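Peer 1: Supplied in structure tokens, the structure appears directly below.
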Amino acid sequence: MKENQRAIVVGASRGIGLGLVRELLLQQWSVIATLRDITRVPDDLKQLLAEYPDQLELAELDLSHLDTANMITSKYSEGSIDLLLVSAGIAGPEHQRVEQSQPNEIVDLFWVNSIAPVTIARKFLPLMKANSLIAFMSSRMGSVALNDDGSMELYRASKAALNSISRGFAQNEAIPLNIGVLNLHPGWVQTEMGGSQAPVTVKESTAGLVKVIQASIGSNQHKFIDFQGHEMAW
């Protein structure tokens, strides 16, 4: 690991995002961890701040108010970030049926899972170094080719939209600047969204994801890949 590698992790207050912050710190990264409200820091994140005071800092970023990203872009110089990891996401309405959905449900789901992540990446693009990496937390459920049961159709659609939009971003904006892009499948993970019955722990998922990320830095490609390093069908 090179010294002074710096990452921004968007959506770091809990679950996979928090786990990614922890794993990056263990790998000697400097991390800027974002959360919606800087005045309400979860205890687990406070503990990491106490353990890694020289490596970890917090920043406020509300995906419902993307102008909050300006506080980060104004603080850090161009070409100062090695990794941007956008981990925020929601499951959407419990019914998960298109015919039952209301416009406000669809707006919230697609905004958080599809639109805001790529918007944030575009805002932060000038901060990224050459041969750096931007990673979006996608899902196997975002794969059209691997949709073999049709469950969770609204959530699937939002992650498929993320895969599609990020493809254009990667091809037209990131890769021409020698910045790689990953869409990541974390596995079915034991988080608030995944539930306690999920087979993969946060530690297993995030340790694998960080290994995949570190192996991909400098490749300057767009890939859809899981936490074990296997490429996924789009």
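The values are calculated or read from the model by the stated rules, or taken from the named source; none is laboratory data. No experiment lies behind these values; they were computed from the predicted model shown. Reconstructed Cβ throughout: ideal geometry from the backbone, glycine too, with neighbour counts over all protein chains shown. Just the protein is used for accessible areas: all its heavy atoms, side chains included, with ligands, DNA and RNA removed. Shrake-Rupley method; radii C 1.70, N 1.55, O 1.52, S 1.80 Å.
Peer 1: Where the Cα atoms of segment 111-224 are projected onto their three principal axes, how long is each span, largest first, in whole Å?
Peer 2: Principal-axis extents of segment 111-224 (Cα, largest first): 41, 27, 23 Å.
Peer 1: What accessible area per residue comes out for segment 133-234, rounded to a whole number of Å², with a 1.4 Å probe? Don't skip to the end; give the middle numbers.
Peer 2: Numbers: 4460 Å² over 102 residues.
Each residue of segment 133-234 exposes 44 Å² on average to a 1.4 Å probe.
Peer 1: Output the 0 to 90 degree angle, nearest 10, between the alpha-carbon long axis of helix 202-216 and the longest principal axis computed from the alpha carbons of the chain.
Peer 2: Approximately 70 degrees, to the nearest ten.
Peer 1: In percent, what relative contact order does the chain have, based on Cα pairs under 8 Å that are 6 or more apart in sequence? Before the final figure, lay out each step's value.
Peer 2: Values: 448 pairs, mean separation 44.1, N = 234.
Reported relative contact order: 19 percent.
Peer 1: Please work out whether segment 97-166 counts as rounded, prolate or oblate from its C-alpha gyration tensor, where a ≥ b ≥ c are the square roots of the eigenvalues and a/c under 1.5 means rounded, while otherwise a/b larger than b/c means prolate and anything else oblate?
Peer 2: Working: a/c = 4.36, a/b = 1.69, b/c = 2.58.
Oblate, because a/c is 1.5 or more while a/b does not exceed b/c.
Peer 1: So, one more: What does the helix-only formula give at 222 nm for the chain: each DSSP H stretch with n ≥ 4 adding -39500 (n - 2.57), the total divided by the residues, and the result rounded to the nearest 500 deg cm²/dmol?
Peer 2: Numbers: 7 runs with 76 residues, N = 234.
Helix contribution divided over all residues of the chain: -10000 deg cm²/dmol.
Peer 1: Separate question: Percent of Cα-Cα pairs per 5 Å bin, from 0 to the last occupied bin, for the chain, please list those.
Peer 2: Result returned by the calculation: 1, 7, 15, 19, 22, 18, 11, 5, 2, 0, 0.
Peer 1: For segment 27-110, just run the numbers: alpha carbon Rg, then divide by 2.2 N^0.38 Å, N being how many residues it has. Please list the in-between numbers first.
Peer 2: Working: Rg = 16.6 Å, N = 84, 2.2 N^0.38 = 11.8 Å.
Scaled against compact globular proteins, the figure is 1.40.
Peer 1: Grab the other residues whose beta carbon is less than 13 angstrom from that of LEU25, score K and R as +1, D and E as -1, and report the net. List each step's numbers first, then the result.
Peer 2: Working: positive: ARG6, ARG22; negative: GLU23, ASP44, GLU51, ASP54, GLU57.
Neighbour charge sum, excluding LEU25 itself: -3.
Peer 1: How large is ³J(HN,Hα), in whole Hz, for each residue of segment 166-180 in order, when computed from phi with the Karplus curve 6.51 cos²θ - 1.76 cosθ + 1.60 and θ = phi - 60°, using x for Gly and Pro?
Peer 2: Here the 3J(HN,Hα) series is 5, 4, x, 4, 5, 5, 9, 10, 7, 4, x, 9, 6, 10, x Hz.
Peer 1: From the Cα gyration tensor of segment 44-91, with a ≥ b ≥ c the square roots of its eigenvalues, which class applies: rounded if a/c is under 1.5, or else prolate if a/b is larger than b/c, or else oblate?
Peer 2: oblate
Peer 1: Could you look at segment 118-230 and say what percent of its accessible area is carbon and sulfur, using a 1.4 Å probe and all protein chains? Don't jump to the answer; show the numbers that get you there.
Peer 2: Working: 2450 of 4730 Å².
Accessible surface attributable to carbon and sulfur in segment 118-230 totals 52 percent.
Peer 1: Here's a follow-up. Quick one: Karplus J couplings for segment 114-120, per residue in order, coefficients 6.51, -1.76, 1.60, θ = phi - 60°, nearest Hz, x for Gly and Pro?
Peer 2: 10, 7, 4, x, 6, 4, 4
Peer 1: Pulled fully out, how much extra length does the chain show between ASN178 and ASP37, if you take 0.36 nm times their separation in residues and subtract their Cα-Cα distance? Walk me through the numbers on the way to the answer.
Peer 2: Numbers: separation 141, 0.36 × 141 = 50.76 nm, distance 3.29 nm.
Full extension of this stretch gives 47.5 nm more.
Peer 1: Related question: Under 24 Å between alpha carbons: how many lysine pairs meet that in segment 81-234, if sequence neighbours fewer than 8 apart on the same chain are excluded?
Peer 2: So the count works out to 10.
Peer 1: Calculate the length of the line joining the C-alpha centroid of segment 206-234 to that of segment 1-80, in whole Å.
Peer 2: 21 Å
Peer 1: Also: Which of ASP149, ASP43, ASP108 ends up with the largest GNM mean-square fluctuation for the chain, with Cα atoms connected below 10 Å?
Peer 2: ASP149
Peer 1: If you plug each phi of segment 122-135 into the Karplus form 6.51 cos²θ - 1.76 cosθ + 1.60 with θ = phi - 60°, what whole-Hz ³J(HN,Hα) values come out, in order, with x for Gly and Pro?
Peer 2: Karplus values, whole Hz, x for Gly and Pro: 5, 5, 8, 3, x, 6, 7, 6, 5, 6, 8, 9, 10, 10.
Peer 1: Could you work out the longest stretch of the chain that avoids the trypsin sites (Lys or Arg not before Pro) located in DSSP loops with at most 12 other Cβ atoms within 10 Å? Can you show the working numbers first?
Peer 2: Numbers: sites that count: LYS2, ARG40, ARG97.
Between exposed loop sites, the widest span is 98-234.
Peer 1: Rolling a 1.4 Å sphere over the protein heavy atoms, what is the accessible area per residue of segment 13-55, to the nearest Å²? Show your work: numbers first, answer last.
Peer 2: Values: 2300 Å² over 43 residues.
I get 53 Å² per residue for this part.
Peer 1: A further question follows. Please state the shape class of segment 78-122: rounded when a/c is under 1.5, otherwise prolate if a/b exceeds b/c and oblate if not, all from the C-alpha gyration tensor.
Peer 2: On the way: a/c = 5.57, a/b = 3.01, b/c = 1.85.
In terms of gyration-tensor shape, prolate.
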